[in-house]
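Reviewing the structure listed below.
The values are calculated or read from the model by the stated rules, or taken from the named source; none is laboratory data. Just so you know, these numbers come straight off a predicted model, no measurement behind them. Please note: Cβ atoms are built from the backbone with ideal geometry, for glycine as well, and neighbour counts cover all protein chains shown. Surface accessibility is based on the protein's heavy atoms, side chains included, excluding ligands, DNA and RNA. Shrake-Rupley method; radii C 1.70, N 1.55, O 1.52, S 1.80 Å.
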Amino acid sequence: MRETLEDLYYGRINPCEHQMSANRNLLRVSSKITQCENQLKERLDEQGLAILAEMVDAHQEISCVTAMENFILGFRLGARILVECLDEDDGDMPAATGSG
């Protein structure tokens, strides 16, 4: 446990650097997006291409913000679960005694 905390302190842990492994569904959807984007690029004039580029950039920004928020929510949920696991006096079961 200490090693993980030290790695975090020294910046050796950076969740943004870890890439997801692409599964079939992700590859299929990514391919479809690329195909649709290429088809649009063939049909659009310069003004349309500029608008498409802005839309793609905005969508990328939304994806980044959503990924960060989901990371934070997941991290907080994990912390809450850990805190509940450590709570021995939550009323469900009597605490273990030393005699036995």
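Taken over segment 1-28, the criterion of being surrounded by 10 or more Cβ atoms within 10 Å (Cβ to Cβ), within 18 Å of the chain's Cα centre (by Cα) and not in a loop (DSSP other than H, G, I, E, B) is satisfied by LEU8, LEU26, LEU27.
Can you find a residue that is open to solvent by less than 100 Å² (accessible area, probe 1.4 Å) and not in a helix (DSSP H, G or I) anywhere in segment 64-82? Taking every residue of segment 64-82 in turn, none turns out to be open to solvent by less than 100 Å² (accessible area, probe 1.4 Å) and not in a helix (DSSP H, G or I). Here MET55 passes the criteria (1) open to solvent by less than 100 Å² (accessible area, probe 1.4 Å); (2) more than 30 Å from LEU82 (Cβ to Cβ); (3) hydrophobic (A, V, I, L, M, F, W, C) except the one numbered (1).
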